[in-house]
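Data first, discussion second: the structure below is written as structure tokens.
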Amino acid sequence: MNPLKLAWRNLFRNVRRTLASLFTVALGSGGLLIYQGFNTGIMNQYRENTIHGYYGYGEIYPENYYNIVKEMPWKFWLEDEVRIENELKKIPEIVELFPRVSLYAFLVKGDINLGGKGEGILAERENKFFNQMNFISGNEIKNEDDIILGKGLAESLGAKIGDTVTVLVQTINGQLNGADYVVAGIFHMGKKIIDDTFFRVPLKSAQKLLNTNRVEKISLSTTGVTSWPTIEKKIRSANLGLDPIPFDVLDKSYYQNSVDFLEAQFSFVRMIILIIVALGIFNTIAVSLLERSGEIGALRANGESRSRLFQILFIENLILGCIGGIAGITLAVAFEKTLLSHGIPMPPGPGITRQFLIFLEIQPYHYLHALILPALTAGISSLWPISKIMKKSIPELLRST
Amino acid sequence: MDNLLYEAKDLQYSYSWNQKKVPVLNHLNFSIKKESFCCFVGPSGTGKTTLLNILGLIENPTNGKLLFCGQDVFQNSERQKEKLRLEKVGFIFQSFYLIPTLTVLENTIYFLPSLGYSNQEAERAGKEVLDLMGLSEHLSKKPLELSGGQRQRVAIARAFAKKPLVILADEPTANLDSDTSEKIIRAFKDLQRNEKTSFIFSTHDQHLMSYAREIFHLKDGAITKKDIL
């Protein structure tokens, strides 16, 4: 009889014990799948926040501009925006372009005078794509004199919808310039640092305030996260003097660090789960082998080789691990479709001010991990008890029953 | 010399306990011919099991020599001894040690594929042996569905299906009632007579001894008497 068939039959020797081992592996496997799906859910939620809240899939900067401190940055801004837009529109993976300028300003309302960081945007283009602004009152920019304020900034200014706020800036020539805006909306992006200081005005009026017709950068909407490398390659090969920077680099401190942190945490938890699985079934395997030592001794006395017995016992535990893995995956999917189908409410994360709802986002490779890792763990944790019993002499095996 | 199955020369076995050497078998000299039907008898702790283990090549003597078919097999590697056990030795124990998840037929033919039998050949050989053992109606039963005597007959069939030179049985009837024990010994006897396989067993049972042609009496690890019947 071939070792695989024998190993399979051995699983039915003590059904209760086999079920206990299967349950342990299934818990580990299901736990891994749910946790990995949950983690991906959080990461994707972070990603959506980052992409649809502010950065888009990435931004196009003038060459050698991004992350380098300049004395007069506007000198490097993109001069011929229309030509650049036309060139970029030739790339099929780019869906929409959002030209922007940054401005540091004083915002004045009555006696209150606060510093803030603003941006001039093309509202008619941005409003559809940047849907994670979470307006708590009012709406997006619609008119040339509209301004939208972060929640913290609006609170500090005591500004409400319809109030007038004066924005004072220094033009690129060093003169003071100002304009009155009407508060059209108050948003809540969930990041305290943005909500406390950030505001947005229409691009044209920001350019007018700064006395320039250049744009600092162009955010991009693309066909998806995966198309970024192609876009980057095409922009670089077109020699337009532009630096394409993806969202995960732009938002390293929030998105990428969060992803790295979650991945490190997941690796640690995965290790703990696998250790628990290993310890859980190690004892069962050891007891089961001890009970069979007489039988193993009798087989060896009749000429069965150590290596074949080792093979049979190892395969038996691998099969156990695989079945446990499949059972765990089934359990996890059942949980996902029932109890967890409405999402898991999460408290605000570090640096975030609002709660969010996480849905499990199980990817195809998660199933593979949830199957292979516990199966291997079951196999590996059986190696020691199997080697131990194989090292025993035949009389020892026959005596130990 | 060619018809000698075993030849023991000054065979000794001892083990260490609390840094002291405890002798189990003392200077044994004996020979057993091929196609023998013999037993080792003696009180518990006298070394019968150890001697059978040595004869079955699963334990090495501490001193002395044991020739198996004229060969000093204890010079062989573990692999070579494994092969010899597979091809030439069948072992039967009082606790049967059948695989509970396999059927009677599957247990019987367990070793045959390793001996080069095809599935059909193995099945045919297994059915023949089980027929000899009076178990042809139980081929597809699992060991736990059988009585103790039937299980022991399956264990004999498993050992015998390999067509070994010798079958060693350590107290094969110790767990069985007297009627069943007699049936088992008769089965041994029939196989020995028809198939020319040697049977060597150990027992305390006076009645079983009467079936043996040679009886070696062991006491304190030494052969005190040999009866030839």
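The values are calculated or read from the model by the stated rules, or taken from the named source; none is laboratory data. As the structure is a computational prediction, the values presented were derived from the model and not from experiment. For neighbour counting, all protein chains shown are included, and Cβ atoms are generated from backbone atoms with ideal geometry for every residue, glycine included.
Each residue in the range A:124-148 was checked for being under 22 Å from A:Val215 (Cβ atoms) and under 28 Å from the mean Cα position of the chain (by Cα), and 8 pass. Is it true that some residue in the range A:130-143 is surrounded by 20 or more Cβ atoms within 10 Å (Cβ to Cβ), of a type in the set (A, V, I, L, M) and part of a helix (DSSP H, G or I)? Scanning the range A:130-143 turns up no residue that is surrounded by 20 or more Cβ atoms within 10 Å (Cβ to Cβ), of a type in the set (A, V, I, L, M) and part of a helix (DSSP H, G or I).
Among residues of the range A:161-183 that are farther than 19 Å from A:Phe198 by Cβ, none has a beta-carbon under 8 Å from a residue that is aromatic (Phe, Trp, Tyr) and part of a loop (DSSP other than H, G, I, E, B) at least six positions away or on a different chain.
Annotation: of all residues in the range A:51-74 being without any contact (Cβ under 8 Å) to a residue 60 or more places away in the chain and on the phi < 0 side of the Ramachandran plot, the one that is nearest to the chain's Cα centre (by Cα) is A:Ile68. Kindly list, by first and then second residue, each pair from a residue in the range A:293-316 that is over 15 Å from A:Trp384 (Cα atoms) and facing another protein chain (nearest Cβ under 8 Å) to a residue that is hydrophobic (A, V, I, L, M, F, W, C) and part of a helix (DSSP H, G or I), limited to pairs with Cβ atoms under 6 Å and residues at least 6 apart or on different chains. Hits for this filter: A:Gly294/A:Leu398; A:Gly297/A:Ile394; A:Gly297/A:Leu397; A:Gly297/A:Leu398; A:Arg300/A:Ile394; A:Ala301/A:Ile394; A:Gly303/B:Leu86. Only residues that are part of a helix (DSSP H, G or I) and within 14 Å of A:Lys252 (Cα to Cα) were counted in the range A:49-74, giving 5. Annotation: B:Phe74 fulfils all but one of (1) within 9 Å of chain A (Cβ to nearest Cβ); (2) among the aromatic types (Phe, Trp, Tyr); (3) assigned to a helix (DSSP H, G or I); the unmet one is (1). Of the residues making up the range B:98-118, those that are within 11 Å of chain A (Cβ to nearest Cβ), over 20 Å from the mean Cα position of the chain (by Cα) and part of a loop (DSSP other than H, G, I, E, B) are B:Pro100, B:Thr101, B:Leu102, B:Thr103. At pLDDT 90 or above, under 21 Å from the mean Cα position of the chain (by Cα), part of a helix (DSSP H, G or I) and surrounded by 13 or more Cβ atoms within 10 Å (Cβ to Cβ): does that describe A:Ser227? For A:Ser227, the condition - at pLDDT 90 or above, under 21 Å from the mean Cα position of the chain (by Cα), part of a helix (DSSP H, G or I) and surrounded by 13 or more Cβ atoms within 10 Å (Cβ to Cβ) - is met.
Picking from residues in the range B:77-97 that are in contact with a Leu (Cβ under 6 Å, 6 or more places away or on another chain) and within 7 Å of chain A (Cβ to nearest Cβ), the one that is surrounded by the most Cβ atoms within 10 Å (Cβ to Cβ) is B:Phe91.
The residues on offer are A:Ala184, A:Ala154, A:Ala159, and the sole one that is in a strand (DSSP E or B), assigned by TED's automatic domain parsing to the domain that holds A:Trp77 and crowded, with 19+ Cβ neighbours inside 10 Å is A:Ala184. In the range B:126-229, counting only strands (runs of 3 or more DSSP E) that sit wholly within it, the ones holding 3 or more residues that are crowded, with 20+ Cβ neighbours inside 10 Å, modelled with pLDDT of 80 or more and within 14 Å of the chain's Cα centre (by Cα) span B:166-170, B:198-203.
From the list A:Glu48, A:Glu79, A:Glu96, A:Glu87, the lone residue that is of a type in the set (D, E, K, R), over 23 Å from the mean Cα position of the chain (by Cα), modelled with pLDDT under 90 and surrounded by fewer than 19 Cβ atoms within 10 Å (Cβ to Cβ) is A:Glu79.
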